[in-house]
Amino acid sequence: MQPGDESASQHEPAADAARHGSRDSGAVTRRGALIGIAAVAGVAAVDVGAFAYGGGWLRPGAPTPSGFADRFEQVYGRHEGFRRNHAKGLSATGTFASNGAGAAVSRAAVFRVGSVPLIGRFSLGGGRPDQPDKPDTVRGLGLAFLLPDGEQWRTAMINLPVFTDRSPQGFYQRLLASKPLPGTGQPDPAQMAAFLQRHPETAAAMKIIKQSPPSAGFADSTFHGLNAFRFTNSSGVTVPVRWMAVPVASPAPVATHGDDYLFDALIDAASRGPLQWRLILTIGAPGDPTSDATRPWPDSRPTIDAGTITIDAVQTEAPGNARDVNFDPLVLPDGIAPSDDPLLSARSAVYARSFTRRAGEPKRPSEVNVGQVRDGR
């Protein structure tokens, strides 16, 4: 356990309840969801050491949650009050309408026929909250599904078909190799070449990513969960699953002027009507990699259209909305469990460390302001 994590053991029962859901009855309301999600975000942030130790990656000489957070600050600078990665973002609210098809593979309440509220966050990869929008910067969509009986399902997706690293150590080393040089703003070619030579899985993943160019904006991006999970249905049958959110909207051009043009276009689109994605579950087969997010599954794998994600509104990040939510991938409802992917415990631990740091720091306004965009139209 790392320095500053002394309170983790005192909160393990609460953290377990956050991950698997309490059994308090009552309907989920939007106001109750906002209050509850902020409370659980705080609880989930303290159990850093337990997550890391459980994943087997916290050992002498290995990167630690604090080490990851330090490295993000070294690469992007220290920006108090913001996430260490995906610092630039926009809060959102909406619903998920399940059509019941997902119940074939998971007994999770989210897949019962019906609708549940959700909290979302759109973001760009990187640790600078004021970075200019660029078409090739990784786009993120975090979702927290707020289920009956106090359960939650949280996921942080990106618009890449595979992840660039298969281990926490690989990610850490790539972060160091990709630090921009002061003169060019680009990574040192020699360091990056040496890293790729040591990590052929990352080189292979980058080739796959280059074959899937990004869409024009957030609203027509496909977001991938990347990591595999284990879904168990009401009959006790367990299968490996990956998921993605596929846009309902057709591709549309986006004006590329201004430092915040991607977010400006998203705000404008949301003001004109709901934004929707289909939640697609991909069912793995024996032999499909579940511990390596750099390797795609064959396109022939069966899929299930589980329902529709709808974003009704977007908001400037502020207290009480997605700004204060830790999109921990290990906050899961009954019927969904982690796979053997080592990135899951690492992501959980690093997200928690980032949350703990920014929670105690002074806040300043977000670069993306919904009111200013709408007033300027």
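Values computed for the structure shown
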| item | result |
| --- | --- |
| When each of Lys134/Lys363; Lys88/Lys179; Lys88/Lys210; Lys88/Lys207 is checked by Cα-Cα distance, pairs over 21 Å | Lys134/Lys363; Lys88/Lys210; Lys88/Lys207 |
| Simple spin-label estimate for Lys179 and Asp334 in nanometres, 7 Å along Cα-Cβ | 4.8 |
| Unit charges on C-beta of K, R, D, E only; dipole of the range 234-314, Debye | 360 |
| Part-to-part distance (alpha-carbon centres) for the range 113-160 and the range 189-242, which is given in Å | 16 |
| Positive minus negative residues near Thr222 (Lys, Arg vs Asp, Glu; Cβ under 12 Å) | +1 |
| Summed side-chain charge close to Ala322 - residues other than Ala322 whose Cβ falls under 12 Å, Lys, Arg +1, Asp, Glu -1 | +2 |
| Prolate/oblate/rounded call for the range 256-377, Cα gyration tensor, a/c under 1.5 rounded | oblate |
| Burial ordering of Arg272, Arg84, fewest other beta-carbon atoms within 10 Å first | Arg272, Arg84 |
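Taken together, the values in this text are just the output of simple stated rules run on the coordinates, not laboratory data. On a predicted model such as this, the values are computed, not experimentally measured, just so you know. For neighbour counting, all protein chains shown are included, and Cβ atoms are generated from backbone atoms with ideal geometry for every residue, glycine included.
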